[in-house]
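Here the structure comes first, spelled out in structure tokens, and everything after it is commentary.
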Amino acid sequence: MAIGDDMKHKAEELKGKAKEGIGKATDDKSMETEGHVDQAKAHGKQTADDVKDAFTDK
């Protein structure tokens, strides 16, 4: 996997954590949920890249 992709996924995860935190602090359930969704997307993309790498490294 490219380092750039890894950094993009981590940035998306951090953006999600920030949204979640802001949502909790302001009692904005919608923003908190968006944060969870952003984090889940980032984890899914990371997992897909890991699986792809497992098959292409052999």
ask   = Mind checking the angle between helix 29-56 and the chain's longest principal axis? C-alpha axes, 0 to 90 degrees, to the nearest 10.
value = 10 degrees
ask   = Mind checking the dipole of the chain: about its Cα centre, +1 per Lys or Arg Cβ, -1 per Asp or Glu Cβ, Debye to the nearest 20?
value = 20 debye
ask   = How far, in degrees from 0 to 90, does helix 3-26 lean away from the longest principal axis of the Cα atoms of the chain, to the nearest 10?
value = 20 degrees
message = At 7 Å along Cα-to-Cβ for each site, give me the label-to-label distance between K24 and I3 in nm.
response = 3.2 nm
Paramagnetic reach from K45 (point 7 Å along Cα→Cβ, amide N under 14 Å) across segment 1-17 = 2-17
task = Please provide three numbers in whole Å: the alpha-carbon extents of the chain along the principal axes, with the largest listed first.
result = 48, 16, 9
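Read-outs throughout are calculated quantities, based only on the coordinates presented, and are distinct from any laboratory measurement. Everything numeric in this text was worked out from a predicted model, so none of it was measured. Glycine gets a Cβ as well: all are built from the backbone with ideal geometry, and neighbour counts include every protein chain shown.
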